[in-house]
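The structure under discussion appears below in the form of structure tokens.
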Amino acid sequence: MRLVLAVVLSATVLLAGLFAAANCVAEPINLAERSTVTPIEAATLAGSVIYLDVRSDAEWASGHIRDALHIPHDQVPARIGDVIPGTDIPIVTYCVSGGRASMVVEGLRQRGYRVVPVIGGGYRQMVDSGLPSE
């Protein structure tokens with residue numbers, strides 16, 4: 001009897017958890033209200049942002065987010081207008097850990113770009129979160 005009760009109780013808890021998870025809808029990320037995003041959040045933005053890889057040429061060559069654009073962080077001020085001429089699509093900058101991605105943000109914002117850096121991780125964590133790489 002105890003075994004049957006334990007099985008029924010376990011099944012009830014499991015079904016309640018599945019029902020709650022199925023009814024849970026993630027809030028969309030409003031980049032206008034954010035100064036940074038995590039690698040997991042960055043992965044959920046695919047198709048609505050431009051990913052800008054600010055790592056070195058060697059790091060880019062070893063792998064990058066599919067369809068990302070690349071400008072090494074120290075070249076962003078001089079090249080951004082040629083690579084991303086418009087300011088209408090939000091930009092998510094990324095590197096390895098967030099340091100270089102954060103460094104370029106203020107200059108891009110001063111030029112009118114809507115941009116947020118990935119903090120608390122970078123390329124590897126974004127790929128681990130589901131973004132395709134090449």
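The values are calculated or read from the model by the stated rules, or taken from the named source; none is laboratory data. Being a predicted model, the structure only gives us computed values, none of them experimental. Cβ: placed from backbone, ideal geometry, glycine included. Neighbour counts: every protein chain shown.
I91 is checked against (1) closer than 16 Å to S35 by Cβ; (2) touching a helix residue (DSSP H, G or I) at 6+ places or on another chain (Cβ under 6 Å) and fails just one. What number does that condition carry?
With respect to (1) closer than 16 Å to S35 by Cβ; (2) touching a helix residue (DSSP H, G or I) at 6+ places or on another chain (Cβ under 6 Å), I91 is out only on (2).
Restricting the first residue to the range 50-70 and requiring it to be under 16 Å from G99 (Cβ atoms), which pairs with a second residue that is of a type in the set (F, W, Y) and modelled with pLDDT under 95 meet a Cβ separation below 9 Å and a spacing of at least six or different chains?
L52/Y94; D53/Y94; D53/Y123; V54/Y94; R55/Y94; R55/Y123; E59/Y123
For the range 94-120, how many residues are in contact with a Phe, Trp or Tyr (Cβ under 9 Å, 6 or more places away or on another chain) and not in a helix (DSSP H, G or I)?
5
Between R100, R79, R109, which is free of Cβ contacts under 8 Å to residues at least 24 places away in the same chain, basic (K, R) and over 17 Å from L31 (Cβ atoms)?
R79
Go through the range 38-62 and give me each residue that's at pLDDT 95 or above and either in contact with a Lys or Arg (Cβ under 7 Å, 6 or more places away or on another chain) or farther than 13 Å from V115 by Cα (or both).
V54, R55, S56, D57, A58, E59, W60, A61, S62
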